[in-house]
Every structure is written in C-alpha cells, then in structure tokens.
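Down below is the structure, laid out as structure tokens.
The values are calculated or read from the model by the stated rules, or taken from the named source; none is laboratory data. For clarity, every value in this text was computed on a predicted model and none was experimentally measured. Methodologically, a virtual Cβ is constructed for each residue, glycine included, from the backbone with ideal geometry; neighbour enumeration extends over all protein chains shown. Only protein heavy atoms, including side chains, enter the accessible area calculation; ligands, DNA and RNA are left aside. Shrake-Rupley method; radii C 1.70, N 1.55, O 1.52, S 1.80 Å.
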Amino acid sequence: MDDLVVVGAGPYGLSVAAHAAAAGLGVRVLGRPMASWRDHMPEGMYLKSEPWSSNLSAPGGRYTLAEYCATRGLTAEHGSPLPIGTFSAYGLWFARHAGLPEVEEVTVTEVAPEGDAFRVRTAEGPPLLARTVALAVGVMPFTHCPGALRDLPPAHWSHSSGHRDLSRFAGQEVAVLGAGQAALETAALLAEA
C-alpha cells in the first residue's frame with residue numbers, strides 16, 4: 001500500500017509529491033505531466049503571472065522557475081512574460097529534479113474508500129491501494145460550455161482548451177465568449193492566425 005497517491009501531475013500535484021517524497025512518504029504520481037499547458041493551451045500563449053509567483057514548490061524553495069530558466073540561458077524577471085512552452089518545460093524539469101518518483105502516465109477512472117484506505121482504479125492497469133489520495137486534477141474536468149451552445153453541432157462550438165493549434169481557424173470568423181485571460185489571449189492569437 002502506498003502512503004500517498006497524487007492524482008494529477010500539474011504544478012500542484014508535482015509540488016505536493018515533492019514535499020511528500022522529501023518527508024519520506026511512499027508516493028506515486030498519476031497523470032500526464034503538465035498536461036493542461038502541454039496539450040490544451042494554444043501556441044503563442046504566455047503566462048499571465050509573474051515568474052516569481054509561478055514557481056512550483058519543493059522543500060527549501062529549490063527548483064524555481066528562475067533556476068530552470070538560468071540553466072537554459074533564459075531570463076525569468078518581472079515584466080518579461082514567459083511563453084507557456086517554457087512553463088511546461090519547467091514543470092517537466094521540476095519533475096525530474098525535485099526528488100519525485102517517476103510520474104506514471106495513466107488515466108485515473110475511480111477513487112473510492114476501501115476500509116481505512118482508498119482504491120484507485122486506472123484505465124491502464126490493476127487498482128492501487130493508498131492510505132491517502134491527493135486530487136490535483138486541474139481545471140480541465142471543469143471546463144464550461146454555455147447552455148445556449150450545447151444544442152449546436154460540435155463543429156459549431158468548442159472550448160478554447162480544445163485548440164493547441166489555432167491555425168485551423170485562419171480565414172474564418174470566430175466569436176470568442178468570455179472576458180478572462182484565456183478568452184482575451186485566445187482572441188488575440190486567433191486574430192494573428
């Protein structure tokens with residue numbers, strides 16, 4: 001039985017796993033590392049946060065975004081936006097250097113109590129037993145489609161997270177609903193495409 005199974009391998013999942021592993025817990029991390037950034041953010045998008053506030057967390061404050069950037073000859077400084085690709089690569093670097101076990105790229109299908117533990121089922125293998133489970137699944141399971149669009153054919157609407165490459169919209173008129181960072185930056189990237 002594992003001490004901790006972390007479901008999700010984004011910034012929070014990797015950070016939780018780094019601290020748990022450093023505390024001597026038997027940890028397993030399940031998921032695709034940095035999946036939201038690697039698979040669901042359009043090329044050309046930038047972090048909206050300052051580099052110092054985008055650090056993943058490891059004991060002793062090690063493995064910062066600035067440290068990663070320095071190893072690549074990049075600068076992470078106030079007022080200089082970083083591409084999403086740099087942040088994704090940083091998360092992968094963090095996973096390799098911060099003392100985590102290797103991330104298992106599996107899809108968790110169920111977490112259920114079993115006695116004093118939890119049974120974690122995946123699509124790829126036998127169930128796991130864990131004393132504790134940390135759910136760090138990110139925002140992808142919670143994307144929202146306005147009710148008025150749900151009856152339209154799928155070809156007529158989509159969520160911005162479904163488009164890593166916006167070039168397929170070149171020459172088309174596209175309406176972007178929303179006024180948050182993802183909507184505004186997607187609209188700007190669509191205009192460029």
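Details
- Qualifying positions in the stretch 48-57 - touching a residue at least 24 places away in the same chain (Cβ under 8 Å) and either hydroxyl-bearing (Ser, Thr, Tyr) or in a helix (DSSP H, G or I) (or both): 51, 52, 54, 57
- Where residue 168 falls short, out of the listed (1) part of a loop (DSSP other than H, G, I, E, B); (2) of a type in the set (D, E, K, R); (3) farther than 16 Å from residue 46 by Cα: (1)
- Residue in the stretch 174-193 that is surrounded by 12 or more Cβ atoms within 10 Å (Cβ to Cβ), under 27 Å from residue 43 (Cα atoms) and touching a Lys or Arg at 6+ places or on another chain (Cβ under 7 Å) present: yes
- Whichever residue in the stretch 58-79 is in a loop (DSSP other than H, G, I, E, B) and open to solvent by less than 40 Å² (accessible area, probe 1.4 Å) and, among such residues, is nearest to residue 9 (Cα to Cα): 58
Residues checked against (1) open to solvent by 30 Å² or more (accessible area, probe 1.4 Å); (2) within 26 Å of residue 193 (Cα to Cα); (3) not assigned by the TED database to the domain that holds residue 182:
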{"site": "11", "(1), (2), (3)": "no, no, yes"}
{"site": "19", "(1), (2), (3)": "yes, no, yes"}
{"site": "28", "(1), (2), (3)": "yes, no, yes"}
{"site": "41", "(1), (2), (3)": "yes, yes, yes"}
{"site": "45", "(1), (2), (3)": "no, yes, yes"}
{"site": "52", "(1), (2), (3)": "yes, no, yes"}
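- Any hit, the stretch 143-154, residues being surrounded by 12 or more Cβ atoms within 10 Å (Cβ to Cβ), in a loop (DSSP other than H, G, I, E, B), at pLDDT below 95 and basic (Lys, Arg): no
- Of everything listed in (1) open to solvent by 10 Å² or more (accessible area, probe 1.4 Å); (2) within 17 Å of residue 137 (Cα to Cα); (3) touching a Lys or Arg at 6+ places or on another chain (Cβ under 7 Å); (4) at pLDDT 95 or above, the single unmet condition for residue 5 is (1).
- Close contacts from the stretch 19-39, counting a first residue that is free of Cβ contacts under 8 Å to residues at least 12 places away in the same chain and a second that is assigned to a loop (DSSP other than H, G, I, E, B) and surrounded by fewer than 18 Cβ atoms within 10 Å (Cβ to Cβ), with Cβ to Cβ under 9 Å and a gap of 6+ residues or different chains, come to none at all.
- Hits in the stretch 12-47 - residues which are in contact with a Ser or Thr (Cβ under 8 Å, 6 or more places away or on another chain), under 22 Å from residue 163 (Cβ atoms) and not in a loop (DSSP other than H, G, I, E, B): 36, 37, 38, 40
- The sole residue among 133, 120, 106, 137 that is among the β-branched types (Val, Ile, Thr) and open to solvent by 50 Å² or more (accessible area, probe 1.4 Å) is 137.
- The condition of being under 26 Å from residue 6 (Cβ atoms) and within 18 Å of the chain's Cα centre (by Cα) does not hold for residue 76.
- Condition check for residue 42: closer than 14 Å to residue 137 by Cα and touching a Leu at 6+ places or on another chain (Cβ under 9 Å): no
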